[in-house]
Amino acid sequence: MAITTLNATVSTECEESLCDSGLFLPLFGESEVGWHKGLRAVLYLLGLFWSFSGVNIGSDVFMEAIEKVTSKKKRVFSPKLHCFITVKVWNATVANLTLMALGSSAPEILLSVIELLGNNMYAGDLGPSTIVGSAAFNLFVISAVCVSAIPNDEIRAIKQIQVFAITATFSVFAYVWLIIIVQVWTPDVIAIEEGIITFLFFPVLICLAFAADKGYFSRAGEDKPGEGQEKILLEAASQQEIAALRMEVLKKHGTGLPDDKVAELIKEQFGANEEPSRAARRVAATEAMFGGAKKKAAIVEEIVDTVDDKEDTHKRTMTYNIQYNDYSCLESCGNLEITVLREADGSDQLGKGSVAYKTVDGSAKSGDDFIAVSGVLDFAEGETEKIISVAIIDDDALESDEFFSVELSDAKATESSVTAKLGKNSSAQVRIVDDDAIGQLAFTSPEENVAEDVHDKVVKIGIQRQAGSKGKVSCKYRTEDGSAMANLDYEPIEGTLEFEDGQTAAEIEITIKPRGRYENSELFRLILEEAEGGVTFAKETDGGEESCICTIMIESDNAAKERTDKLLKAFNVNWDKQVMARDQWKEQFTGAIFLELEEGTSGMEMVSTYFFHILNMPWALFFACVPPTAYCEGWLCFCSSLVGIGLLTAFIGDLAALAGCCLGIPDSITAITLVALGTSLPDTFASKAAAEQDPTADNSIGNVTGSNSVNVFLGLGLPWTIGAIFWAASGELAPGHEWLTKYEAYPSVVDLYPTGGKFVVIGGSLGFSVIVFCCCAVSCISVFVIRRYTPSIGGELGGPKGPKYLSSVFFVTLWFIYVGMSIWKTLSELTC
């Protein structure tokens, strides 16, 4: 009853100051002001919550653009490893503190900027209070959720503790700095240098965090696995890279390590984290919250081939090749048959010809492992195949795979009008496999180069079972896009590959589609994974022990390329992606309107999904206008979605102010409660998913502290710098100016600056709110430190049931303390 009376008094006394018009609202002008205040409050609150779903859908589009930008990869030469390695262009720590933090905090930051511009360059309460309120919700409530989300007796600890120490320190320092500039340095006034310094703390934070990520702050001789090293995408690494990494680990830790330990150290010291990104988890969280329809991948069905099919006339040639580059056989197989092919470049029948052959020792020795053979193969007229038979010697010794080769030479043709030559496959390597072990799977070659044809071309990719062939085994296989796009450059495949007992080789067929390419080459990957039956993947190959990767390069046809207009070389455009992008843009609109449900969806799930889909359809259509991420490497989507979020944020600012007006709640209270809650909920679910799924706490707790710092340095540093420069440039103000009237009740401002020219931010309740937040934040971070170094817990998240839930309750209590004391301070100082 007392609160109702207080709200009524506040509403009556402060109605004029609280009910200023915004950029877009009231929608119906003065007539809307005359509506019943209760009705207006309900409508504004409903509109506010509806707008939160819109801004989160827009933020997800923004996050998709950020994901595209930060996922770019490159190959660089590593002086330490003496080979080329595959790395991400963006350092993970820098990406999290810049684009990722901007993506999750864009509504709060833009609200602060737009409020300044909409208030005729006067500071408002909504933007700064939303930033502090969101920081409190993020640190206290998200931390509580993440701590309790871990199953009992499981723990998640922060791996990059030095980075966390810096971001946690800055997350408190940023708000201490607010107190200094608002209440100590120049009370109630923000000078230009204060705004600029606030903004410059942002690059300082990034540089320090980057240095910590690289291990520059480690003590001399301190072992920091994973810090200070280039993070390598191991699943994209070549055989050379894996060998170099293995050697580096053995140099540092000694040669007596078992293979599994070497693999573990390589992953810890050099491997890049390929867990789902912060952006991906936030998008999934919003879809779960607001019923967002899943986006359907665009598939382009047809591409027009513009290559003229013309053949050049030339002298007839017969070519001798061994059918395959690599052969595998069990040592108990008896005889190995190797096929030699004779091919012609035309349709005319071949005459007689011959080619010599011989076996050559390798690690397998003639007489011990096989019987050496040599001779001449005579091809009769029209004959295209001959067989070379090699006897394999079986023994009972347990040994690794051994190799020898078969070579062709001295190609001849009987007819003088025919030229005989050896082809690419003039030699073949033979692998003799011990049949007493299960073995390992690997591609015959880690890279395949394929020249496109004028028709669909079927390529056979060989897989070998090495170092044993005992028992039936299998693995999954799938294709993955690189610069080549599925359904445009090749037909995607997936399935299960099985090896019977004693089988040492298999093939996977992939269809390459004709395109008339003008790029030098395009690539995609064939990946083996999920091995079953006890078989593993050869750890020295690309992909390591977890998978095996074959990179397939599709090369342009030289004759067709020469006929392509040279001007096309001036355009740095991947037309595959542009064709896909046009379809993706169309799919954005159809996905916003139509909804396809998976089979087996229950009645209640169907009702709720359709309800949220229809409710959010206007926002989905609005952000469907944003170009897809395929354009300009995601930057066009990045900029366009930022503009859309800015417009929607301005609308939210109007709704929040008018809702507070009708309820008798000041902007600062609305900001730390309703607005902060609405903009932070998707991050809550995303952090919870990261806490449950990641092996560490870096992506759940570590990102919160970084985001809170960025909120201040960008969300307040940028608008306050703009405001300070504007008022300094305004010079002396004339008597009776709005600035003098607005701040006449604040002697600390008018007495010190009688002619104006200063950007005013009244400390008052904002300063008190920040002080309370800092005290609570120090308590929260202290609990994390205690949990980490308490032997019975040992990590920031999870742990035994008692301490886990006690920590969560404590964090939530801190949030209630912050909100309660901030509201009390605001209401106690409210005079109008």
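The values are calculated or read from the model by the stated rules, or taken from the named source; none is laboratory data. Predicted model, so just to flag it, every value in this text is computed and none were measured. All Cβ positions, glycine included, derive from the backbone under ideal geometry; neighbour counts span all protein chains shown. All accessible areas refer to the heavy atoms of the entire protein, side chains included, with ligands and DNA or RNA removed. Shrake-Rupley method; radii C 1.70, N 1.55, O 1.52, S 1.80 Å.
With the cut-off at 26 Å, tell me which of the pairs Lys159/Lys804; Lys358/Lys457; Lys513/Lys586 have Cα atoms farther apart than that.
Working: Lys159/Lys804 19 Å; Lys358/Lys457 32 Å; Lys513/Lys586 24 Å.
Listed pairs above 26 Å: Lys358/Lys457.
Could I have the simple spin-label model distance between Ala391 and Thr419, label points 7 Å from Cα toward Cβ, reported in nm to one decimal? Between Ala391 and Thr419, the label points sit 4.1 nm apart. Highest mean packing comes first when the peptides 363-372, 767-776, 28-37 are listed by Cβ atoms within 10 Å, giving 767-776, 363-372, 28-37. A simple spin-label model places the labels of Glu407 and Glu732 9.7 nm from each other, with each point 7 Å out along Cα-to-Cβ.
In order along the stretch 624-636, phi translates into HN-Hα couplings of 5, 6, 6, x, x, 6, 5, 7, 6, 6, x, 6, 5 Hz, rounded to whole numbers, per the Karplus curve 6.51 cos²θ - 1.76 cosθ + 1.60 with θ = phi - 60° and x for Gly and Pro. The listed peptides 732-738, 45-51, 685-691, ordered by packing as a protection proxy, come out as 685-691, 45-51, 732-738 (highest mean of other Cβ atoms within 10 Å first). Note on the stretch 670-739: semi-axes of the ellipsoid equivalent to its C-alpha gyration tensor, largest first and rounded to whole Å, are 40, 15, 6. Ordering of 203-215, 115-127, 160-172 by packing is 160-172, 115-127, 203-215, highest average first (other Cβ atoms within 10 Å, averaged per residue). Here the calculated FRET efficiency for Val204 and Ser782, from their Cβ-Cβ distance with R0 = 30 Å, stands at 0.80, rounded to the nearest 0.05.
Here is the P(r) of the stretch 727-832: all C-alpha pair distances, binned every 5 Å from 0, give 2, 11, 15, 12, 10, 9, 9, 8, 7, 6, 6, 4, 1, 0 in whole percents.
Within the assembled protein chains, the solvent-accessible surface assigned to Glu596 is about 140 Å², based on a 1.4 Å probe.
The length gained by stretching the chain between Arg316 and Thr590 to full extension, at 0.36 nm per residue less their Cα-Cα distance, is 93.0 nm. Here each label is just a point 7 Å from Cα along the line to Cβ, and for Ser828 and Trp50 those points are 4.0 nm apart.
Which value in Å does the Kirkwood hydrodynamic radius of the stretch 436-478 take, with 1/r averaged over all unlike C-alpha pairs and then inverted?
On the way: mean 1/r = 0.0785 Å⁻¹.
Over the stretch 436-478, the inverse of the mean reciprocal pair distance is 12.7 Å.
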